[in-house]
Structure formats: structure tokens, C-alpha cells
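Below is one structure, written out as C-alpha cells; comments come after it.
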Amino acid sequence: LNLLPWPEEFLATADWPAVGRLLRRCVQASRRGLLPHTLMLLGGPGLGREALAIELAAALICRRAETSPCTCHACQRVRRGVHPDLAVLDVEPDRTQIRLEQVQELVEGLAQVPFEGARRVVILTSAQTPPLNWDAASALLKALEEPPGHVTFLLLASNPRRVLATIVSRSVHVHLPSPDAAAASRLVAALHGLNEETCAALLASVGGDSGPLLVGDDAELVGTLELAAAIAPEALRGDVLAIVRLGQLAARSSGGLGLLASLLLAAVERGVVEAEAALNAVIELLRAEYRGAVLHIGAEALVTGAIATIMTSSGQG
Ligand SMILES: [Zn+2]
């Protein structure tokens, strides 16, 4: 049984040296009584922030810490999200936002001293608004202003500018450094069941930014991308209407279509056959329900331009 809302691969990043260093620093601060009661763990989804949150939660809750990492029963339950002193606040199934009622219910229970562990830990899977809606953020802020002494809040975010300013100012920020290219491509490969070579090429084509290849929080994007993936093969074969539709879709979306455009551009260098292979890789990614998020490029121009270049270079255009 595992109740955590993340794929296992996200937690495997606990092995990354940078995550380990941050964890040791936080644990040392905690032993000296210097760990702030609210930390904001800043980094892209999947790139270590979830692993740091869980391992830190285990270290704070654990009463034994016999080994490092500790493998006691309590720590193992934290790593599965089933320890009573750990609360993970996430968007509920079939919802798009973290609701006020969820935060209220959580906050009401926090006065209760730890059930078993040394402390209680709250992990918020995204402190950004959305998915944390404005009322919920305000309710959370009240809890952060007067936190019970036995509670530590770990707030995850990729962009602090999308977090309520008063929450930002109440937290101490911990920045997760970007992983190296090899680690990132291993993560993307494991997450989507692709081979590492393909993923290394995908990452190179988006300038090493793994964000769009990992989980984002834009619910509409997946549908847009699926539509784009359905149209793209026609566009590659030279169907003008499909090219125009793809360009229009790209103009409405800043995340995944940017990725698609980058992939097409990368494929141009390798010829049209590889372009189709690259598209298939994108479609596989879509089927794996990946949600791209942050790529601020002129997607319409890139898609249209990339397709035109492919067709020219393959002698069809
Ligand atoms: Zn333990």
C-alpha cells in the first residue's frame, strides 16, 4: 500500500547527491533546534523536491534513526505515506484544486500532539495558486502564522511567484539544484518507460530542461497535446490544413506544444524518418499521461517552421 501521490521514480531521486546534501543540512539544523517550522522546497516536479520532503519528514518523525537512511518501521510507513503523523495535502481525485475544506480539516487536527512520532509533518504537494485555491491559501497562511510547536510544514513549489506572497514570506526557501543531464534522462526514461538514449535526445532537444517531460499541473494541456499528436503525422506528410491546425493549437498552449516543436526541430537535423520516430516518442509520452508545463517559446512559429524545414529537407516541400 502506497498512498503518496507521486510515481516511485520521484522518490528514487533521494539518491541524488544534491538531495542528500540538502537533507543532511536540514536534519542537522533540526537536531540543533534550528529548523524553521515552514520550509518551501523549490524545484521542478520530480527533480528531488518530493524525495527531500519525504526523507526529511521521515527524519523528523522517526524516534530511532539507527541507520542512514533509516529503515525502521516508522520511516518505511512515512515513505509509503501511511504514517499517522504525516499529512500529504494534494488535489483530490476528479478535482483540479486543493480546496478550503481540505486545509480547514487539516489545520483543525494539527493541535493534536504527535500520535507516535517525534513530530508531525505536513507536506503540501503544491503551494502555488492554482492548484491551491485562494481561500485555501488564506486558511493555510493562518496556520503558518501560529503553528503548533510540534508541526513542520514542507511546501512544494516550482515558482514562488505563483505562491501567495504572505506564504512566501512565512517560509524559509530551500532550492533544489537542477540535476545533471544523465540523471534527468534516467528519470524521464524510468517515468515514461522509454530508453535512456531517446530521453537524452529529447532532453537535448529542449535545451536540457526536463520540466516539460515531467509532471506539470495544467489539466487542459494533456487534451491539447493529444489532439496535437493526432494531427502531427498528417502535418508531417504535408497536409496543409493539418499544419495550420497544429500551428493554431501551438499558439494556444505554452507547454507541451513547445516541446513538440523542439522535438520536430531536433528531428529536422536527422531527416524525416527520424522526425516520425521523434513524434512517436512524443505520442508515447502523451499516452503516459505526461503533462508538460513550462516552455516559454513561440510554439506556433516553431511548429510551422519545423514542419516546413522537414518537408524542404526531404524534398517534398
Ligand atoms: Zn526511522
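Worth pointing out:
- For segment 123-166, a Kirkwood radius taken over Cα pairs fed into Stokes-Einstein (10 °C, viscosity 1.306 mPa s) yields D = 147 µm²/s.
- Fraction of the pair-distance distribution of segment 1-136 above 20 Å, Cα-Cα pairs, percent: 46
- Neighbour net charge for HIS83 - beta-carbon separation under 10 angstrom, K R +1, D E -1: +2
- Seen from GLN104, the other residues with C-beta closer than 11 Å to its C-beta sum to a net charge of -2, counting Lys and Arg as +1 and Asp and Glu as -1.
- Where trypsin sites (Lys or Arg not before Pro) fall in DSSP loop in segment 109-190, at most 12 other Cβ within 10 Å: none
- Span from the segment 6-32 Cα centroid across to the segment 41-65 one, whole angstrom: 5
- Nearest-0.05 FRET efficiency for ARG161 and ARG25, computed from C-beta distance (R0 25 Å): 0.50
- Convex hull volume of the Cα atoms of segment 73-166, normalised per residue: 98 Å³.
Where a number appears in this text, it was derived from the coordinates with a stated rule and is not lab data. The shown structure was predicted, so the numbers you read here are calculated from the model rather than taken from an experiment. Glycine also receives a Cβ, built like all others from the backbone with ideal geometry; neighbour counts cover every protein chain displayed.
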